[in-house]
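Quick notes on the structure that follows.
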Amino acid sequence: MEEQEINLADYFWILWRRKWIVILTFLVAVVLAFLVARLQPKQYEVTTSLVIMPPLAQEVGGRLSGPVFSPETYKNLALARDLLEEVIREIDPRRERYTVEGIQEAMKVTVEQTAAKDFPGQFPLYLRVTFRGTKPQELRTLAESWAKHFIARNAEIFTTKTAQSFEYVLEAFNQVEQELLAKEGERVELLQNNPVQVLEAEVAVLQREYESYLRDLQQKRNELVSKEATLSALQARLAEEPEFLVLERSVSNEALWNFLAQGTDPQKLATLPSLVLQDQQLNSVHMSLRAQLASTQVAVETLRREIAHLEEALTVTEKALLEKQASLVELKTRIEQIDRDISVLKGFYTTLASRLQDARLAKAETAACIRLVEAPVTPTRPVGTRLSLSLATAGVLGLFLGVFLAFFLHWLQTGPRPEEKTGTENPKPEA
């Protein structure tokens, strides 16, 4: 104890002898801290606050669904580099004033939580972001841009799956609606350009004409067969019937007496050949057969020409009928296909309309999951520099430095410390 008291007394005398070094160092440190605090540019702060509501949706059965993140996750989202890159591109396209690192250093993010029994985790979350800098107006612009981009980028990840599918369902709904309108328009245009009733009437007319031609053709063919048979029979009969008839007759009594009166004796009469008198006349049967044959030939020729005409007309009508029937079948098939497509699209349309309504309601319920509750305001006064704290800190550091300098100078002047000197006496330090 005695040696310790002596050593402490020696240290006290050392400090007393060099008290001006300690005081001067203290004063210099305080003055420098004061000057530095005064010469530094004024600092301003702009604060904006967001409330993150529980992004939960009530599902069938009373269950709650939705993404829930830790407070640290929201801090990371607030300081995300891609988010800050978007902010810089908006407010400083040439990158003359801001960098991502500079904005991160100027930001202070705090998350406050409020317990809620009805939701998992801690909800709602109060996200407060403070921007610190030397230009008030630029700080406000920076805070506004950050809040806008943060809400736009992160609102979607806080929504439910139903709300997230809204854009997809809307796009699919619009596409199906356009396809449905296109199909209905195609059907109307097809019916306008190709009226089914008119085409069916044309097919019916052609069908009747075809049947009429076919019936007449069959009748004419039957008549031709009959006429040809009659013609053959007439030709055979005509070949058997002579054109002229030869009639033998005796000499009339008056002619015979006149001949005898001329003095013809029996001897002369015996020398004469047999006397035959013949008459020749047209065969009426032959002439009748010839007339019938000519009439029948004309009828046969006429029937053949009529049959040829009917066959040609039947061919043309059949071709037109087949074309019209094919067109009608193709038209009806096309209409049936379009009707099936329209029926399917209407089913899709109804289903997507229902889903779109659900997604729209879900999005409306969760769209405000991030709300701006404190808009940034241009500061009018700089933030306090805490001059007293700075001076106190500088004074304490100056005292420590002054004490160190006092002992260091004493060591340089006297060499070893007092307790290391030889001898049993403890000489007092020089005045």
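Where a number appears in this text, it was derived from the coordinates with a stated rule and is not lab data. No experiment lies behind these values; they were computed from the predicted model shown. Don't worry about glycine lacking a Cβ; one is built from the backbone with ideal geometry, like all the others, and counts go over all protein chains shown.
The table that follows gives values for the structure above.
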item: Difference of contour (0.36 nm per residue) and Cα-Cα distance, Arg97 to Leu238; result: 37.8 nm
item: Contour excess over end-to-end distance, with Cα ends at Leu322 and Thr378 and 0.36 nm allotted per residue; result: 11.6 nm
item: Theoretical FRET efficiency, 1/(1+(r/R0)^6), r = Cβ-Cβ of Leu79 and Met53, R0 22 Å, to 0.05; result: 0.55
item: Of Lys183/Lys324; Lys42/Lys108; Lys319/Lys346; Lys108/Lys148; Lys183/Lys319; Lys220/Lys319, pairs whose Cα-Cα distance is over 28 Å; result: Lys319/Lys346; Lys183/Lys319
